[in-house]
């Protein structure tokens, strides 16, 4: 009996619709989840599930990826069709962008043709009102025969209203109107007419749009046909001449915010705390407790030195994620795809490839997965192989530390340069691979430019926290374990504990790897050991360096250069690298083999071990060659 | 004595860290993917 009651109280609801109609926002508002929201199409590439209890009913909600049609051209379209055809849902909510209703109804009509009953959620009402679009809900309901609801995704009242309707509506009372039935009959007639291939598709599409136009003529009123804010803003931000310089200015501003104005000062304060107060307090406490020397070394040099050197960069990571999430929310990222299309096309990709690649500035794993949204197999593979070249959040500490130590007067500019090197290499590599390994034709680029919006700060902050939190979890787990391992390898050899690290296991392993970099200027065992640990996780490069050199406070501020130089004098790092070899090391770290998680994702996405090993070897080779060129050319030009 | 107690605490922490790393590896989940609610974030394919 109890089981029966539970079953009766449960219902399953799927959210479907075009990309960028606010499905993920609604899903998050309903479930309290923090699914990534982006004001550009293709954010959700896999279905997401959540639960909520409303008015005593337990609702299981599935957020399907956005799709313009159900022709199964791309993987996410296939996910939607397969899911809706194979699963019996209690309710399917079709989330529609009210400000773009004509194009959105194409998918609606296709779903209705398949006999899937829908609750039409005309979302983004605020946007539609701003654009002077007035929709007669009753007439639209009558024209289609299915219930229609108006919502604004971020508005709590709308969400509550949506949930009220979802839990109370009886879909049995709805069915296709006579008009819709007549349309479906016409489509069937066309299918039986003997037309084939593109002729058949064209005829069906024409019929669908004729039906949609006839419905909209009676139900939608456009009262303000003037240029919208987005159209006016695009005259500057997506202008043929100004777009690229504006993009660079915005990118530069982000770097200034992260490295100069806000992020770095907080990072410096944290660095001072970890390197000073915390280390001193822990050292004194351990000494007073008469803890064994090796344990003191493990905690102070291994754990605090390693994990601490990674934690110092948390403020920078948070600031960067905040800026990227904010830009995502405004709709500017879609313009970036548009702006970059000519450049990407020359490289063999379309501008649409920029969107998943932009995610790589946070982490290459979502970027590799986001490549699913691209239209062709070739584009997907090229994007997967380009993504790890870009500067992910985990590489940022390497860049920030080396820039602060060796180029204190130009730290932000050097880090910016590393980002540019990553972007250039991603483009050059894509061009190379599209001309050699993947020669198929480049797919057509079709991308909708969403309207500019003021991002929802709650969403931006939640997303920033969620990504930053992941970084903290990593510091407490994989970096912590890595530090203990590196400390152990650095403190012992086959005869036991060593006084001098150069006699340790780590030195032996690092020395072998280090020989690969003899002509790169960093052929020492410490650099070799850092490179190996970086394959585990990129942050480990820094934690390893932290453990091996016992780094003191480092500041990226120009005015602290003297202090930084003094601090450097106390470590072996100053002797191990020159400015040029440090730069070559940064270039190598920027480009070499992605971390194991990214490699695992490549294997999973491409479903090919061969591709994974190719990615690992190819990127190592590219990094090795470019870094060698940088060092040797630098020497020829007289740099040291 | 303090050495043994701290050593034990570190061992427990290390065990939890290794368990977390193994869980991520075996489920294909990545920490960067976010941890909110029942969702793994928009970027990962979480196998619960």
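Among A:214, A:177, what is the fewest-to-most ranking by other Cβ atoms within 10 Å?
On the way: A:214 13, A:177 17.
Neighbour counts put them in this order, fewest first: A:214, A:177.
Across the residues of A:469-482, average count of Cβ atoms on other protein chains within 10 Å? All intermediate terms of the calculation are to be shown ahead of the outcome.
Numbers: counts 5, 7, 2, 1, 6, 6, 1, 5, 11, 7, 1, 8, 8, 2.
Across the residues of A:469-482, the mean count of other-chain Cβ atoms within 10 Å is 5.
Between residue A:137 and residue A:57, what is the label-point separation in nm under the 7 Å Cα-to-beta-carbon projection?
1.7 nm
I need the Debye-formula profile for the protein assembly as shown: one equal scatterer per C-alpha, no solvent, reported as log10 I(q)/I(0) at q = 0.05, 0.12 1/Å, two decimals.
-0.28, -1.28
Just to verify a number: FRET efficiency for residue B:5 and residue A:519, C-beta to C-beta distance, R0 = 56 Å, to 0.05? It would help to have the intermediate numbers written out before the result.
On the way: r = 49 Å, r/R0 = 0.88.
E(calc), rounded to 0.05, equals 0.70.
If we count other beta carbons within 10 Å of each Cβ, what is the order of A:149, A:628, A:548, A:118, fewest first?
A:628, A:149, A:118, A:548
Remind me, relative contact order of chain A in percent, using alpha carbon pairs under 8 angstrom and six or more residues apart?
Values: 1026 pairs, mean separation 79.8, N = 640.
It comes to 12 percent, rounded to a whole number.
Residue by residue through A:358-365, how many Cβ atoms from other chains fall within 10 Å of the Cβ on average? Before the final figure, lay out each step's value.
Numbers: counts 0, 3, 0, 0, 2, 6, 2, 8.
Mean inter-chain Cβ contacts per residue within 10 Å come to 3.
Taking the mean number of other Cβ atoms within 10 Å as a proxy for protection, how do you rank A:428-434, A:514-520 from highest to lowest? Intermediate values should be presented prior to the final figure.
Working: A:428-434: 18.7, A:514-520: 16.3.
Peptide ranking by packing, descending: A:428-434, A:514-520.
Arrange the following residues from fewest to most other Cβ atoms within 10 Å of their Cβ: B:1, A:11. Display every interim value, and only then the final one.
On the way: B:1 8, A:11 17.
The fewest-first ordering by Cβ neighbours comes to B:1, A:11.
What order do you get for A:376-386, A:452-462, A:334-344, A:607-617 when each peptide is scored by the mean count of other beta carbon atoms within 10 Å, highest first? Spell out each step's value before the answer.
Numbers: A:376-386: 23.6, A:452-462: 16.9, A:334-344: 21.2, A:607-617: 14.8.
Per-residue Cβ counts within 10 Å, averaged per peptide and sorted highest first, yield A:376-386, A:334-344, A:452-462, A:607-617.
Which whole number gives the average count of other chain Cβ atoms within 10 Å of the Cβ atoms across peptide B:3-14? Working shown, then result.
Numbers: counts 9, 3, 2, 8, 5, 0, 0, 7, 1, 0, 6, 5.
Rounded to a whole number, the mean comes out at 4.
Evaluate the relative contact order of region A:2-222 (contact order divided by residue number), counting alpha-carbon pairs under 8 angstrom at least 6 apart; express in whole percent. Write down the numbers at each step before the final one.
Values: 365 pairs, mean separation 42.7, N = 221.
So the answer I get is 19 percent.
Taking the highest mean first, how do the peptides A:312-323, A:390-401, A:185-196 order by number of other beta carbon atoms within 10 angstrom per residue? Before the final figure, lay out the partial values.
On the way: A:312-323: 23.6, A:390-401: 25.8, A:185-196: 12.0.
For the peptides A:312-323, A:390-401, A:185-196, the packing ranking is A:390-401, A:312-323, A:185-196.
Could you check what % of the DSSP bridge pairs in chain A are antiparallel, to the nearest 5?
Once the DSSP bridges in chain A are tallied, antiparallel ones form about 40 percent.
Using Cα-Cα distances under 8 Å and only pairs 6 or more residues apart, what relative contact order does region A:80-181 have, in percent?
Details: 117 pairs, mean separation 26.7, N = 102.
That works out to 26 percent.
Throughout, read-outs are computed from the coordinates displayed, never taken from laboratory work. All values reported here derive from a predicted model rather than from experimental measurement. Cβ: placed from backbone, ideal geometry, glycine included. Neighbour counts: every protein chain shown.
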